[in-house]
Amino acid sequence: MKELLTEWRKYTTKALNEQVPPAAQQEPAAAGAEGAAKPAINLTNQTSFKVFDGNPQLAAQVMTSLLQGGEFFKQLQAAQGGEWFQIKSPEVLKKWVDSIGGVEAFAKRAAAIGGKIPEQGLPKALMPFLPLPNDPKSVAKDPKDVEDALNPGGKYNVDIVEKVEAPKANTFVGLKAPGAADYMKSGFKDGDPNDDTIEVKIGGQFAASKAIPTQTNILFPKGLGMAVMGSPRIEGGPLGAYASTKGEILDGHHRWAATMLNKPDAMIGTTAMIDLTKAGMVPTLKHLTAIGNALGNKTKTK
């Protein structure tokens, strides 16, 4: 875990300083040209934007082939699996490509997304399921309960500063479960009721181009489909997820990718932004997972 965290932090530092990989600033070769060679990839439901990292030429070839229709376009549709974001025809795709400035613009943006994806993402088990007001799967709805748990002065306050080990994911689910209420009030019992303070910004926002993804499974067929078929068009707006105060997004990666394709400078809003540095990223994420559990949300660990 320490090795993973070290590598991931190296990546995030680089991502903050390099919004677009140098190779992505080059003009794609023969972008949009008729008769372009078929890309040396097959599209599946697991094809990642990572394949375009430093390779806008490949992104241009992929889009050019998709616009020609045929078997390659059918691969895309099969990868999109009949979901709401399945692109209906090459004509629909062409209209969208023209609207964002053409194949070259798409290629640069796809390469920029690929360049931001870390080589190793944070494990699924570290992704907390925190309160989401508009998510029907979220039992907990109020993000202010998270702010309360991370700061003194309310009905909750978790003991984080003393580095108390967070319980494993799903040790308890709901405040009536044994141990949940004691955990949520542990900061009241550590001898200093005012020291357990973690910064939380309810409803923060930042430009999509400044965001730092924390997961690797950002899928090209899904992200492209959401960018094209989103109604209204996905250009920023609420991400429906949490992020760090440095712009590290914890969920909503495909909505972010769709925004990057449509309008990279658009502002994306978060449910809340949480400081992951004061107590350390991994310890804080473990506590956030336990907080989500205590508030009623069961975490996916796989």
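Each reported figure results from applying straightforward, stated rules to the coordinates on display, with no laboratory input. Source: prediction; values computed, not measured. In this analysis, Cβ positions are derived from the backbone assuming ideal geometry, glycine residues included, and neighbour counts consider all displayed protein chains.
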Exercise for the section: Grab every C-alpha pair in the range 115-162, bin the distances at 10 angstrom width from 0 up to the longest one, and report whole percents. Expected result: 22, 33, 33, 12, 0
Fill in the blank from the handout: For residue 141, the lysines lying under 19 Å Cα to Cα, once residues fewer than eight places off in the same chain are dropped, come out as 155, 176, 201, 298, 300
Handout entry: At R0 = 45 Å, FRET efficiency that the Cβ-Cβ distance of residue 95 and residue 278 yields, to 0.05
Key = 0.40
Practice task
Rounded to the nearest Å, what's the spacing between the alpha carbon centres of the range 69-142 and the range 194-272? Just the number, please.
Solution key: 12
Exercise for the section: Mind listing the long-range amide H neighbours of residue 48? Cut-off is under 5 Å, sequence gap 5 or more, other chains count too, H placed in the peptide plane at 1.01 Å from N. Expected result: 220
Handout entry: Options (1) 6, 27, 30, 20, 11, 5, 1, 0; (2) 6, 22, 29, 24, 13, 5, 1, 0; (3) 6, 23, 27, 18, 11, 8, 4, 2, 0, 0 - which one matches P(r) over Cα pairs in 10 Å bins from 0, in percent as calculated here
Key = (1)
Exercise for the section: Starting at the first residue of the range 143-148, write each ³J(HN,Hα) from the Karplus equation 6.51 cos²θ - 1.76 cosθ + 1.60 with θ = phi - 60°, in whole Hz, x for Gly and Pro. Expected result: x, 5, 5, 5, 4, 5
Problem - Test item: Cα-centred dipole of the range 89-163, Lys/Arg +1 and Asp/Glu -1 on Cβ, debye - result: 260
Fill in the blank from the handout: Note: probe point = Cα of residue 161 + 7 Å toward Cβ; backbone nitrogen < 17 Å; residues of the range 262-302 passing the test are 275-280, 284
Handout entry: Cβ-Cβ FRET estimate between residue 142 and residue 88, R0 fixed at 51 Å, reported to 0.05
Key = 0.85
Fill in the blank from the handout: The extension gain from residue 216 to residue 78, computed as 0.36 nm times the residue separation minus the Cα-Cα distance, is 47.5 nm
Handout entry: For residue 269, residues with placed amide H under 5 Å, excluding near neighbours
Key = 237, 239
